[in-house]
2 protein chains.
Amino acid sequence: MLWRKKTRDSHTKTPSSLSRRLFLRATTALVGGTLASALPNRLATAANAENLPPNLPSWSQHLGFSVDDRPYGRPSQHEGHVVRRSVKWLTATRESSVNFTPLHELDGFVTPNGLCFERHHGGAPDIPSQDHRLMIHGLVNRPLLFTMDDLMRFPPVSRFHFLECAANGGMEWRGSQLNGCQYTHGMVHCVQWTGVSLKTVLDEAGLKSHAKWLLPEGADSAAMTRSIPMEKALDDCLLAYSMNGERLRPEQGYPLRLLVPGWEGNMWVKWLRRIEVGDQPWHHREETSKYTDLLPDGKARRFTWVMEAKSIITNPSPEKPLSVKGVQQLKGLAWSGRGKIKRVDVSFDGGMNWQTARLEEPVLPKCLTRFYVEWNWDGKSVMLQSRAMDETGYVQPTYADLHQVRGENSIYHNNSIQTWLINPNGEAENVRLG
Amino acid sequence: MLWRKKTRDSHTKTPSSLSRRLFLRATTALVGGTLASALPNRLATAANAENLPPNLPSWSQHLGFSVDDRPYGRPSQHEGHVVRRSVKWLTATRESSVNFTPLHELDGFVTPNGLCFERHHGGAPDIPSQDHRLMIHGLVNRPLLFTMDDLMRFPPVSRFHFLECAANGGMEWRGSQLNGCQYTHGMVHCVQWTGVSLKTVLDEAGLKSHAKWLLPEGADSAAMTRSIPMEKALDDCLLAYSMNGERLRPEQGYPLRLLVPGWEGNMWVKWLRRIEVGDQPWHHREETSKYTDLLPDGKARRFTWVMEAKSIITNPSPEKPLSVKGVQQLKGLAWSGRGKIKRVDVSFDGGMNWQTARLEEPVLPKCLTRFYVEWNWDGKSVMLQSRAMDETGYVQPTYADLHQVRGENSIYHNNSIQTWLINPNGEAENVRLG
């Protein structure tokens, strides 16, 4: 990329700066012949003399591959670096592991299914859909047993929702300061889910008057369970069987997972095989030994369900340095477990001054929202931050503010503002302010 | 599935009919022991006596697979039948072929990238992104040559848009009557695209006053070209580099394709390497020998760009027969190249009576829209049809109406109402009315 820095850049913010640079390079490059394989000879008559196109590229000179050989498509061979990544030291075994979404490589707010981060506690089973059952039992009038075909005979509902692990940002909180937004913020993804309203299915079973809590359980070897209050269950929870149009991926709970929109990911029980209805929470393993917030005084907060408003600048980031001065498109993602993102501000000086970012439509509740800021880089150091606000008025806190409330003990629910230090060489570093 | 038909169904439309059936089956099945491997023993204490769960399923008894071994995920092994399919006799070679989206297997309106239908004329090249160039030349003030990095320095735009081949439904029109919605309607898909506004890039080049038409050209061996009027180019066209968050798949034009929202798919030139600006259309090969509509009098209509409002019932369909009487969820997709879908009606008697379907939100312009009707099947023959209306007031025509205008000669732009005949055995047939 070094050649780019040799071009004559105008560092002003005038709209013509980018075009001037491009024009100059186009002319220079073609005269110099450095793009010799880029464009075909037969364009010569159509193009201006100074812009004479060189030879046909090799891929225009022979037939491409037969797509019929790929009944289920895959990415370009040139995009092999765009993958989920795990952190070997983070978990004791690969059967209890977590991998991270490459946020810095993504656009829009839909995460493609192959790149959705995933956390599992006992490996991922690949269950035959026709053999899977869901049982609803406990404080219900009629215990019910469902096949997948049964569930698909209830009214389908599709919604876009982000899914974030409670531990997203946990390594940051504990000071690991991994250098890349894939690791600092990559335990989040967003797809269009389809399934059945949990309320519809509970209504079918008939709740007894003292039914106040649910215990969903997974069919994986870890038998993941969490206690869910009835109010949330009847509000917007779904029993999902599809993501981005196709059936769930095995590591995302195929054939059935619970959706608890806006709440921490471990409650979205995968490979869902039963829902017990009770009158109080169960305090099972995964809501006592894990997934509780340890307060400064050594006591644990009982439950912390909601994923509060958060944002991250994905470009530039440690994985995506700046390679040229001048006009830049800053890109990032924001989300809130309480509803829609209302505004995102971006700072270039570590939080002293802020400017409002452009939000990409549609802005949907409990869904990732893409934001952009066009800016001009003069080659000096910059301290980049983003700050999300949601429709409830909640403002994403600084690390210092959150630390004052939380202390050092907690791991989960770090939604504090992230800082990238852009160095004069264009590289971005993960730094902590305050 | 035959066992389902042996259960005692109540064929009324009362809301409790489904639950009664499920309850009965749950009880019967468990007593009978036919679901012997479905639910774990240790639930026994929690469940009612009549609902005693059998043994733990095998997948709960051992660790699942390590997801770290799948840095780029793939569908469940049990979903291997969900693939794009081609029709061998339709094209002379596999290098000029087309494959079809399995619409009957999909939910929501997002198509996963691996299942997006695709048409190519000379195979699909897999071009190294860093070696690709786009040239803008012709009637511009400054001919420009862009790298992919250059294009990504313009403001990004993301939008959901369907893409439909002009020939979608062409086999129907010619009477092939292939039995399945994958073949009758599967040359359509819908993703979240990200790219740069074409207007932005043209403004950068500076249009001369007599610049009225564009000729985009692909870098594949077929060098696909189409003439695009300037009004459309400046309205909502995009130069797209991403789909559903990740870079375009090779068969979708990686690294760059033109988007012409709402217009026929062959204009969405893939592997886009140049855009020539001119003062009149070119009438190149792919807009004369192909992709024109031959009228009854033997003359060809010069251009037919817009994909008019259309809809298809995906479930039930020939690939997805009804397997049980009683409550059913009819599902389908509707779209219009002129904007948003306003309403979809469904008929159960071949178009004599209609009822309005439920539309899934968000309803976006030039985007697939999912519709549903809950209905009760009494086991008799049914003639299913769907009819889309868009926000301009346009109503999807019957085959008879369209045929009267078009005659037999045309192949493209068949947006007529499709009929599925549901037989008493639950199977769906592709039939033509009128």
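Quick grid of which residues meet (1) within 20 Å of the chain's Cα centre (by Cα); (2) over 25 Å from A:Gln177 (Cα atoms); (3) free of Cβ contacts under 8 Å to residues at least 24 places away in the same chain:
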| residue | (1), (2), (3) |
| --- | --- |
| A:Val260 | yes, yes, no |
| A:Asn266 | yes, no, no |
| A:Ile275 | no, yes, no |
| A:Ala309 | yes, no, no |
| A:Glu319 | yes, no, no |
| A:Lys325 | no, yes, no |
Scanning region A:44-72 residue by residue, those touching a helix residue (DSSP H, G or I) at 6+ places or on another chain (Cβ under 8 Å) and either farther than 14 Å from B:Gly123 by Cα or at pLDDT below 90 (or both) turn out to be A:Glu50, A:Asn51, A:Leu52, A:Pro53, A:Pro54, A:Asn55, A:Leu56, A:Pro57, A:Tyr72
Counted residues in region A:155-190 being part of a strand (DSSP E or B) and either closer than 16 Å to A:Gly262 by Cα or not assigned by TED's automatic domain parsing to the domain that holds A:Asn99 (or both) come to 10
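Restricting attention to region A:302-310, does a residue exist that is hydroxyl-bearing (Ser, Thr, Tyr), assigned to a loop (DSSP other than H, G, I, E, B), surrounded by fewer than 17 Cβ atoms within 10 Å (Cβ to Cβ) and away from chain B (no Cβ under 13 Å)?
Looking for residues that are hydroxyl-bearing (Ser, Thr, Tyr), assigned to a loop (DSSP other than H, G, I, E, B), surrounded by fewer than 17 Cβ atoms within 10 Å (Cβ to Cβ) and away from chain B (no Cβ under 13 Å), one finds none in region A:302-310, hence no.
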(1) part of a helix (DSSP H, G or I); (2) under 29 Å from A:Arg249 (Cβ atoms) all hold for B:Pro75 apart from (1)
Per the filter on region A:232-263, residues within 14 Å of another protein chain (Cβ to nearest Cβ) and part of a loop (DSSP other than H, G, I, E, B) are A:Asp236, A:Asn244, A:Gly245, A:Leu248, A:Arg249, A:Gly253, A:Tyr254, A:Pro255, A:Leu256
Here the residues within region B:264-283 that are surrounded by 22 or more Cβ atoms within 10 Å (Cβ to Cβ) and assigned to a loop (DSSP other than H, G, I, E, B) are B:Glu264, B:Trp268, B:Val269, B:Lys270, B:Trp271
Query - Filter pass, A:Ala211 being part of a loop (DSSP other than H, G, I, E, B) and either among the acidic types (Asp, Glu) or under 28 Å from B:Gln61 (Cβ atoms) (or both) - result: no
Of (1) touching a residue at least 60 places away in the same chain (Cβ under 8 Å); (2) buried (at least 20 other Cβ atoms within 10 Å of the Cβ); (3) under 30 Å from B:Gln192 (Cα atoms), B:Val373 satisfies every one except (1)
Residue check for A:Asn168: surrounded by 21 or more Cβ atoms within 10 Å (Cβ to Cβ) and away from chain B (no Cβ under 14 Å): yes
Item checked: Any chance A:Gly138 is within 11 Å of chain B (Cβ to nearest Cβ), within 19 Å of A:Arg85 (Cα to Cα) and of a type outside the set (A, V, I, L, M) -> no
Scanning region B:409-427 for residues that are closer than 14 Å to B:Met171 by Cβ and of a type outside the set (S, T, N, Q) gives B:Ile411, B:Tyr412, B:His413
Among A:Asp150, A:Asp126, the single one that is part of a helix (DSSP H, G or I) and within 7 Å of chain B (Cβ to nearest Cβ) is A:Asp150
Among residues of region A:203-231 being under 25 Å from the mean Cα position of the chain (by Cα) and not aliphatic (A, V, I, L, M), the residue farthest from the other protein chains (Cβ to nearest Cβ) is A:Arg226
Exercise. Test B:Arg74 against the criterion of being over 23 Å from A:Phe160 (Cα atoms), facing another protein chain (nearest Cβ under 8 Å) and under 23 Å from the mean Cα position of the chain (by Cα), and give yes or no.
Key: no
Looking across region B:336-393 at residues that are within 14 Å of another protein chain (Cβ to nearest Cβ) and among the basic types (Lys, Arg), the single one that is farthest from B:Cys190 (Cα to Cα) is B:Arg358
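Residue by residue, here is whether (1) in the same structural domain as A:Thr184 (by TED's automatic domain parsing); (2) under 21 Å from B:Arg153 (Cα atoms); (3) hydrophobic (A, V, I, L, M, F, W, C) holds:
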| site | (1), (2), (3) |
| --- | --- |
| A:Phe371 | no, yes, yes |
| A:Asn376 | no, yes, no |
| A:Gln385 | no, yes, no |
| A:Leu402 | no, no, yes |
| A:Asn414 | no, no, no |
| A:Ile417 | no, no, yes |
| A:Pro424 | no, yes, no |
| A:Glu427 | no, yes, no |
Flagged in region B:77-123 as more than 8 Å from every other protein chain (Cβ to nearest Cβ) and among the aromatic types (Phe, Trp, Tyr), in numbering order, are B:Trp89, B:Phe100, B:Phe117
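The values are calculated or read from the model by the stated rules, or taken from the named source; none is laboratory data. Quantities reported herein were computed from a predicted structural model and do not represent experimental measurements. When we count neighbours, we look across all protein chains shown, and the Cβ atoms used for this are built from the backbone with ideal geometry, even at glycine.
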